[in-house]
Amino acid sequence: MVDLNSIYDVLVIGGGNAALCAAVTARRKGKSVLLLEHAPRDLRGGNSRHTRNLRVMHGAPTSILTESYSEDEYFQDLLRVTAGNTDEVLARLTIKESGNALPWMESCGALFQPALSGTLSLSRTNAFFLGGGKALMNAYYHTADCIGVHTLYDTEVQTLHFEGRSVRNVTISVKGFPATVRAKAVVAASGGFQANLEWLKEYWGEAASNFLIRGTPYARGRVLRDLLRKGVMPVGDPKQCHALAIDARAPKFDGGIVTRLDCVPYSIVVNKLGDRFYDEGEDIWPKRYAIWGLLLARQPQQIGFSIFDSKSLNRFMPSVFPPVQSQTIVGLAAQLELPPAALEKTVREYNVSVRPGNFDSKKLDSCHTEGLVPPKSNWALPIDVPPFYSYPLRPGITFTYLGVKVNEEARVLMEGGTPTDNVFAAGEMMAGNILGCGYLAGLGMAIGTVFGRIAGREAAKIADN
């Protein structure tokens, strides 16, 4: 039973994967732990309840992973998507420790399954959760309850009160009622600011009004902003984020993974003017799917449209919404409210530029265009067999990369690089240390799992002292 008159050993702020990993780890060290989840119980779990997998280093095939995935290959994949904008020490720590994650997760009730078809071709690199992220979060909460972690739902942190480099107490609001929590150590794992549209507008202007937020509406960044105002060292570009192409018909918040669209490599994507604007076949989809949200954010009205034909309809996992369909490109344009002549011209020029090759959806192939700007480097097939289809696309923001700087102990650093005495961070709150830009499928869960466990372990040591 929660006792706000007590001084807890470890206070965990947040309710997703990283927070639960920290809470369970600290409690297993024998420490009293209080976890504060902003969401109500039915919506607990943050963005983690929408996930399906995490990226795992492994040296040999397992019951759920094929072949092997070495530390060096993992790191090189990360370098490619981030263009080298990553903290190598923290990145390699995440990669190495991901190799130890599955047994620990299973000890908390996690179950795994082989990758399903159509899930980004990740059977070699990513471990999939049986039942998805919500089942994983339910297992973690059950474990936390059973070992004595105290949890408060509907609880928002208002401010952390520093004395020098230490936080001694935290002002909270529990179902609208003010209260104070005292703790020996604090783990901040409450995510980014992606659900705070006004904060997004500080960097994106009115374009942010057209962004859709894939995950929890409770990730408003209050703790992050409070820490930054208290002199904590920031990390990450505020305009960089995990941002996908999702169905434009998705809800404003909390649409989750069923609104993601993986049709881009098997289509052409046009903007509101009917023009293409990027190479849809630049690289395999798990290394490029998370750039498309920002690409769309830079287009007129922040919208795009994937265009494909009946040959490609069953090549990818569909959205929860059906595609727009027509027997002609002109008819498709009319339904999408695109200029018919412009779309017809774009499709015609694309078809003429396609060169024959050996199509292979599982790897870079030889199907490409010639003389087209921008090119389509792989998986280029003519769009010529009706019916024709389209999905409308909007930027779907998963989490922002602006966060707090941490060291290898997950300890938050103050401006100038001095470590705080008792404040730690995990998950999206510090992912910008590793993700300067771009994304690898399943890396967010790997970062949260690794640094959640580190933060819980190190916070428990503070309580010992």
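Structure notes:
- Identification of helices (runs of 4 or more DSSP H) wholly contained in the range 289-390 with 2 or more residues that are more than 30 Å from TRP204 (Cα to Cα) and of a type in the set (A, V, I, L, M) yields 329-336, 340-353.
- Test: residue in the range 153-161 that is closer than 22 Å to ALA219 by Cβ, in contact with a helix residue (DSSP H, G or I) (Cβ under 7 Å, 6 or more places away or on another chain) and surrounded by fewer than 18 Cβ atoms within 10 Å (Cβ to Cβ): yes
- When the range 302-355 is filtered for residues that are crowded, with 18+ Cβ neighbours inside 10 Å, hydroxyl-bearing (Ser, Thr, Tyr) and in contact with a Gly (Cβ under 7 Å, 6 or more places away or on another chain), only THR346 remains.
- Residue check, ARG41 over 23 Å from LEU402 (Cα atoms), basic (Lys, Arg), touching a residue at least 12 places away in the same chain (Cβ under 8 Å) and buried (at least 17 other Cβ atoms within 10 Å of the Cβ): no
- Matching residues in the range 240-279 - criterion: being free of Cβ contacts under 8 Å to residues at least 40 places away in the same chain and out of contact with any Gly (no Cβ under 8 Å at 6 or more places or on another chain): PRO251
- On the stretch given as the range 43-72, residues that are outside any loop (DSSP other than H, G, I, E, B) and farther than 20 Å from PHE129 by Cα total 2.
- Some residue of the range 30-42 being of a type outside the set (A, V, I, L, M), in a helix (DSSP H, G or I) and at pLDDT 95 or above: yes
- Residue check for ARG220: assigned to a helix (DSSP H, G or I), of a type in the set (Lys, Arg) and more than 15 Å from ALA431 (Cβ to Cβ): no
- Exactly one residue out of ALA127, ALA115 is open to solvent by less than 40 Å² (accessible area, probe 1.4 Å) and assigned to a strand (DSSP E or B), and it is ALA127.
- Residue within the range 399-413 that is touching a Gly at 6+ places or on another chain (Cβ under 7 Å) and open to solvent by 40 Å² or more (accessible area, probe 1.4 Å) present: no
- Residues of the range 79-114 classified as modelled with pLDDT of 95 or more and either touching a Lys or Arg at 6+ places or on another chain (Cβ under 6 Å) or closer than 16 Å to ARG124 by Cβ (or both), total: 6
- Taken as a whole, the condition of being over 27 Å from VAL2 (Cα atoms) and either open to solvent by 30 Å² or more (accessible area, probe 1.4 Å) or without any contact (Cβ under 8 Å) to a residue 12 or more places away in the chain (or both) does not apply to VAL56.
The values are calculated or read from the model by the stated rules, or taken from the named source; none is laboratory data. Quick caveat: nothing in here was measured; it's all calculated off a predicted structure. With ideal geometry, Cβ positions are generated from the backbone for all residues, glycine too; neighbour counts draw on all protein chains shown. Note: areas computed on protein heavy atoms with side chains; ligands, DNA, RNA excluded. Shrake-Rupley method; radii C 1.70, N 1.55, O 1.52, S 1.80 Å.
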